[in-house]
1. Run through the DSSP bridge list for the stretch 1-87 and note the antiparallel percent, rounded to the nearest 5.
2. Ignoring ligands, DNA and RNA, what percent of the 1.4 Å accessible area of the chain is carbon and sulfur?
3. Distance between Cα centroids, the stretch 88-152 to the stretch 315-340: provide it in whole Å.
4. So if I place +1 on the C-beta of Lys and Arg and -1 on the C-beta of Asp and Glu, and nothing else carries charge, what would the dipole magnitude of the chain be about its Cα centre? I want it in debye, nearest 20.
5. With labels modelled as points extended 7 Å from the Cα through the Cβ direction, what inter-label distance (nm, one decimal) is found for ASP180 paired with ALA357?
6. May I ask for the net charge around VAL373, where only other residues with Cβ less than 14 Å from the Cβ of VAL373 are counted and Lys, Arg are +1 while Asp, Glu are -1?
7. Around ALA139, under 12 Å between beta carbons, what's the net of Lys plus Arg minus Asp minus Glu among the other residues?
8. Which net charge results when you count Lys and Arg as +1 and Asp and Glu as -1 among the other residues whose beta-carbon is under 9 Å from that of LEU404?
Amino acid sequence: MAEPASPQLLFVGGAGNATLAVDVVETAIRQARKRGLRIHVTNQEATLAATPAITALADAASAVDFEAPGATAAWVRERAAAGESFDVVFGVREMAQEAVAEAADALGRPGNPPHAVHRVRTKDEARAALAAAGFLQPAFRVCADEAEARAFLDGSTGPWVVKPRDAMGSEGVTRIDGPDELAAALDFLPEDGRGSFIVEEFVEGPEYSAEGVFVDGVPRVLALTSKELLPPPNFFEIEYVIPAILPEDTAREIERQVVAALTALELRYGQFHVELWWTERGVVLGEIHVRNAGGWIHRMLAHVIPGLEWFGLVFDDVLGNPVDTAALKPVRGSAIRFLTPPPGRLVAVEGWDEVLAHPNLIHAELAVAPGDVIEEHRSVGNRVAHIAVGADTSEEAQALARKLEASVRFVTEPAEAAAP
């Protein structure tokens, strides 16, 4: 008699064509392999071809457009009818999460309800649902044009934030302090986000995020992350520290609100990354994601919680493997700095080799070279370098990351100058 096939993971959306995206998926696949899972990766055709390292790690790969409504669910039904079995459905890309939920639903496998994922991915619907459930939320309005936006400004309290309904990485997000800044903010929206956008009251207070996983359908916060951003008008994140340096009672209240919100929004599967502010009125929840955090947080968490396999926890949950949630507590600290050199044509980078040689380094990447033009830092797409470190405490990690950043010097000249 033939041996029964090992369980199979359907990895929807694979990896994006970027160093971080590939590293995340490679990590997840390694953790799946440790649990005996076979892997079938789907991705858009061009990105599948552009990420051969992921295809090489998988047992099978298929071109399926996760952004085409219903395409992934239809594909899994066809494969199931042909006899292929998928035991775990998972994905890490933001834009693939609705496809993940729809595929799991079509197969009858563990997953989040598709309507719940659609709701949290549509920012105004998530705001409305949280407010209806009793959570603090800023006043907002979905606007079709500048006239509607100006009407909202006239009836609300500034400053305000202008942003697309469906995007990621602070793409197209601007703070404005008065109506005279509205036109420029609308111009900064991505092209596909100008027909319907959000204007909301700006939330005053330090920003944090909660990183976690669902176990038996219950959200478990693994750690809180503190953030530092460049000054307005845009929202470029330049530092994360894990665990966040906070009073214990504040951290407990944040965790309580996050767990309650995820439960109220009917989310129950996979990983989560919840953004929020701590204000004079308490916790104000921001965007909610049913995926891992970006910005190399997956590597930072593995230092902070020794032995943690964040993706593996999801697979264990589906496979029925025991999960010791009591052991999932931060015992060390980690920090990352995203470097923001002045705009211009890069002539030289000094001090980078010393950063790479530091024994506390978790990860560092330099994405520019002499001759490249450094643009203004207005979204994650403009990140040119980062330095992530680990230490015994959050305070030590933060101090070290800032010290290493200060040791790197970017020599630039005006971009109009002739390239060497």
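1. 0
2. For the chain, the apolar C and S fraction of the accessible surface comes to 51 percent.
3. The stretch 88-152 and the stretch 315-340 have Cα centres separated by 25 Å.
4. Numbers: 36 positive and 62 negative charges, 217 e Å.
With Lys and Arg at +1 and Asp and Glu at -1, about 1040 debye.
5. The two pseudo-label positions are separated by 5.3 nm.
6. Values: positive: ARG345; negative: ASP372, GLU375, GLU376, GLU413, GLU416.
Neighbourhood net charge equals -4.
7. -1
8. Local net charge: +1.
The values are calculated or read from the model by the stated rules, or taken from the named source; none is laboratory data. Since the model is a prediction, treat every value here as computed from it, not as a measurement. All Cβ positions, glycine included, derive from the backbone under ideal geometry; neighbour counts span all protein chains shown. Side chains are part of the model used for accessible areas, which takes the heavy atoms of the whole protein and leaves out ligands, DNA and RNA. Shrake-Rupley method; radii C 1.70, N 1.55, O 1.52, S 1.80 Å.
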